[in-house]
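The values are calculated or read from the model by the stated rules, or taken from the named source; none is laboratory data. Quick caveat: nothing in here was measured; it's all calculated off a predicted structure. Using ideal geometry, Cβ is built from the backbone for each residue, glycine included, and neighbour counts are taken over all protein chains shown. Side chains included, ligands, DNA and RNA excluded: accessible areas come from the protein's heavy atoms. Shrake-Rupley method; radii C 1.70, N 1.55, O 1.52, S 1.80 Å.
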Amino acid sequence: MRAGLLSALLLVGCAGSSPAPSATRTQALASAEKAPRGSVADLALATFPGKGEHAFATDRGQVIVIDAWATWCAPCLRSLPLLQRFGKEYSGRGVRVYAVSVDEDRSQIPKFLAGAGVSLPVLLDPGGFVLEARLGLKQMPTTWVVDRAGQVRFTQESFDGNLDDVRAQVDSLLEDGQ
């Protein structure tokens, strides 16, 4: 994501600053670049607020919706509550929804989530380096729909006020058993 994400974010109206990647982030990025692009089957991200990690391999057999967001992204404030409702609506149908914060400073996350009324499972990718390398993250927010085998089947960049396309993709995967 180095300079790419910040340039894209500034172009779409989400602004923030990102310091140079730490050695840990550089290692995570190098590791992510070796894995197949468009797959989350072997991807793991830190959980928030805990110190654990969520491996998407544990979601095998489920349809997954992953949303990349940041506290400084105005469209994210509008999209996350809709994803919250979507997650509740689809939770009994084999769908998991995760909100992945790319914030470098995690101290703002609780206030943002409380203000948005969101209690989705939150994962962390500080700077978005892993999501950029693995899923092609370019702008905030970005939502991916992942099939039961862990392959990305749909990407929605930005937020147009609804989740109709995400819903259609999830419904299609549920109907096809994929």
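Side notes on the structure shown:
- Residue check, Val102 crowded, with 22+ Cβ neighbours inside 10 Å and within 18 Å of Asp147 (Cβ to Cβ): no
- Hey, Gln108 under 18 Å from Ala57 (Cβ atoms) and more than 13 Å from the chain's Cα centre (by Cα) or not: no
- Residue in region 126-145 that is surrounded by the most Cβ atoms within 10 Å (Cβ to Cβ), counting only those that are closer than 22 Å to Asp103 by Cβ and among the β-branched types (Val, Ile, Thr): Val130
- Counting only residues that are buried (at least 18 other Cβ atoms within 10 Å of the Cβ) and of a type in the set (S, T, N, Q), region 77-99 holds 2 of them.
- Qualifying position, being farther than 17 Å from Ala168 by Cα and touching a Pro at 6+ places or on another chain (Cβ under 9 Å), among Val122, Val97: Val122
- For region 115-125, the set of residues classified as open to solvent by less than 20 Å² (accessible area, probe 1.4 Å), in a loop (DSSP other than H, G, I, E, B) and out of contact with any Phe, Trp or Tyr (no Cβ under 9 Å at 6 or more places or on another chain) consists of Asp125 only.
- Cβ pairs under 6 Å, 6+ apart, first in region 154-178 and open to solvent by less than 60 Å² (accessible area, probe 1.4 Å), second among the hydroxyl-bearing types (Ser, Thr, Tyr): Gln156/Thr143; Phe159/Ser79; Val166/Thr143
- Per-region count, region 77-114, residues in contact (Cβ under 8 Å) with a residue 60 or more places away in the chain, of a type in the set (Ser, Thr, Tyr) and outside any helix (DSSP H, G or I): 0
- If you filter region 139-178 down to residues that are in a helix (DSSP H, G or I) and hydrophobic (A, V, I, L, M, F, W, C), you find that the one that is nearest to Ser79 (Cα to Cα) is Val166.
- Test result for Leu131, under 18 Å from Thr58 (Cα atoms) and either in contact (Cβ under 8 Å) with a residue 12 or more places away in the chain or assigned to a helix (DSSP H, G or I) (or both): no
- Members of region 43-76 that are surrounded by fewer than 15 Cβ atoms within 10 Å (Cβ to Cβ) and in a loop (DSSP other than H, G, I, E, B): Pro49, Gly50, Lys51, Gly52, Arg60, Gly61
- Within region 121-159, the set of residues being of a type in the set (Lys, Arg) and farther than 23 Å from Tyr90 by Cβ comprises Arg134, Lys138.
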